[in-house]
Amino acid sequence: MITQNPKMQVLQKQIETASKEELTLMLYEGGIKFLNQAIVALEKSDHVKANNLIQRAEDIIREFQLTLDHQYPISNELNLLYDYMHTRLVEANMTKDIEILNEVLGMFREFRDTWKEAMKLAKVA
């Protein structure tokens with residue numbers, strides 16, 4: 001895909017050259033960004049924009065679920081957490097509830113921070 005937007009070109013290059021670990025981190029960052037933007041959209045009563053942003057966060061969660069390696073026991077626990085996050089996002093989208101979005105945003109941040117720490121530990125090992 002060729003794009004004329006310089007920001008999109010940079011992002012495309014980052015994606016093409018990123019490791020699997022970096023891509024996962026980028027997805028967590030994307031979920032955080034979309035939820036922050038959705039909260040702002042709801043504060044401005046822009047429900048269409050909020051809906052689109054919440055759905056993008058839902059898509060990221062579904063991607064995490066689809067790519068879980070189920071040979072590891074922790075995958076089942078992660079899948080349950082991701083399912084909970086997705087369910088809460090659907091609820092937040094239906095009710096336009098910023099409090100629920102903040103809850104899921106906090107979970108995205110915790111996952112991101114844990115993932116960053118795991119990446120650091122993996123480099124040391």
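The values are calculated or read from the model by the stated rules, or taken from the named source; none is laboratory data. Since this is a predicted model, take the numbers as computed values, not measurements. We work out accessible area using only protein heavy atoms, side chains counted, and drop any ligands, DNA or RNA first. Shrake-Rupley method; radii C 1.70, N 1.55, O 1.52, S 1.80 Å.
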(request) Out of the residues in region 46-96 that are of a type outside the set (Val, Ile, Thr) and outside any helix (DSSP H, G or I), state the one that is farthest from residue 110 (Cα to Cα). (result) 46
(message) Just to be sure before I move on: is residue 70 open to solvent by 80 Å² or more (accessible area, probe 1.4 Å) and more than 29 Å from residue 19 (Cα to Cα) in the structure I sent?
(response) no
(message) Just the residues that are under 14 Å from the mean Cα position of the chain (by Cα) and farther than 25 Å from residue 39 by Cα, please, taken from region 50-77.
(response) 66, 67
(message) Would you confirm whether or not region 4-13 contains a residue that is at pLDDT below 95, outside any helix (DSSP H, G or I) and open to solvent by less than 90 Å² (accessible area, probe 1.4 Å)?
(response) yes
